[in-house]
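Remarks on the structure that follows.
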Amino acid sequence: MRLVQPGDELPGVQLTPDRYLTVRYAGASGDFNPIHIDEEFARQVGLPGRILHGLYTMAQVARANTEAGGGPASLKRLTVQFRGMGVPEVELTVTGTVTEVRDDGTVVTECSCGQDGKRIIRAAEAELRLQP
Amino acid sequence: MPVNTDAIGKTLAPKTYAVGREKIREFAEAVGETDPLHLDVEAARAAGYADVVAPPMFCVVYSLQAVWPGLFDEEIGIDFAHMVHGGQEFRWGELVVAGDEITTVAKLNDVTEKRGNGFYVFETTSTNQRGEPVCTGLWTNIVRGV
């Protein structure tokens, strides 16, 4: 496995959410807050336009961890702060590094998710149990 | 205007969610998961699971519906139009597979005000039909300009 000592890097995730991604994620997740799906509403409440669901962005951080950790059973904990607003049609980049390997085998990673030079999730911390 | 802290500790009605195979696929595809465990029943069975496996972040699907009424609860008093998601933590236990029934209880853990913004923290606890913990969540919602 790659993730054996502090400093090891996750392969990461890169993708560009398309124009209608927020609509599909709203339907898939049940989060129909109009700030994600209605351009006019989003502007009326002072946002630049429709924004990505923070939980969608978090799902990309989760995916970077499960893909590195050996599958869905590997991810035991993930905590994030949403520090900026993600938007559709601009590439997202998730990067991460191992910060600690505990005696019980738990691998701790720190990840961030960037878009257009800004980190919209930073200092996300995950705990992984690597799967064979 | 100070935030109203009277509702701290309020527990919302439990919600039970029946996890469907196509819902897992829909969610997995929306977030870009490619692991066949989420998409292909035969692959999931070959790996020893009863059916397709939910990605960890599928917890949003079964636990959000327990939190959602809290966003419109008059005693809690969130200004939904000015709410954004500030932070989130999940801890996972047993994996969720299609066919599971997940019950989630949500509670308002804390309400604070910082620099003119209101912070509302909900906790969710989700268990499967066997009573095994599958996920706990801490949801921090920020209301701008309270």
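List of remarks:
- Within chain B, the ratio Rg/Rh, alpha carbon atoms throughout and Rh by Kirkwood, equals 1.05.
- Largest to smallest principal axis extent of the C-alpha atoms in chain A, angstrom: 51, 28, 20
- With Cα atoms as the point set, the protein assembly as shown shows a radius of gyration and Dmax of 18.2, 58 Å.
- Axis angle, to the nearest 10 degrees, between helix A:54-69 and the longest C-alpha principal axis of chain A: 20 degrees.
- Surrounding net charge for residue A:98, when Lys and Arg each add one and Asp and Glu each subtract one, Cβ distance under 14 Å: -3
- Relative to the longest principal axis of the Cα atoms of chain B, the long axis of helix B:21-31 lies at roughly 60 degrees.
- Against the empirical 2.2 N^0.38 Å (N residues), the stretch B:63-110 has a Cα radius of gyration ratio of 1.41.
- Other protein chain C-beta atoms within 10 Å of residue C-beta, averaged over B:52-58: 6.
- Cβ neighbours within 10 Å from other chains - mean over A:26-32: 6
- Sequence-distant contacts, meaning Cα pairs under 8 Å at least 6 residues apart, place the relative contact order of chain A at 30 percent.
- Converting phi to 3J(HN,Hα) with the Karplus coefficients 6.51, -1.76 and 1.60 and the offset θ = phi - 60°, the stretch B:67-72 yields 7, 3, x, x, 6, 10 Hz in sequence order, with x at every glycine or proline.
- Cα centre as origin, Lys/Arg/Asp/Glu Cβ charges: the protein assembly as shown dipole, Debye: 320 debye
- Stretchable slack from residue B:42 to residue B:5, in nm (0.36 nm times residue separation minus alpha-carbon distance): 8.3 nm
- Given charges at Cβ of Lys, Arg, Asp, Glu: chain B dipole, positive-most of B:117, B:28, B:16: B:117
- Lysine pairs meeting the criterion (Cα under 26 Å, 8 or more apart or interchain), as found in the protein assembly as shown: 9
- Ranked by how many other beta carbons lie within 10 Å on average, peptides A:14-26, B:49-61, A:54-66, B:92-104 from highest: A:54-66, B:49-61, B:92-104, A:14-26
- Legend note: in the protein assembly as shown, cysteines whose Cβ sits 4.7 Å or more from every other cysteine Cβ are A:111, A:113.
- Scoring A:95-103, B:23-31 by mean Cβ neighbours within 10 Å over their residues and listing the highest first yields B:23-31, A:95-103.
- Peptide A:64-77 - average C-beta neighbours from other chains (10 Å radius): 4
Bear in mind these aren't lab numbers, they're just calculated from the coordinates by the rules spelled out. Not measured: the values here are computed from a predicted model. Glycine gets a Cβ as well: all are built from the backbone with ideal geometry, and neighbour counts include every protein chain shown.
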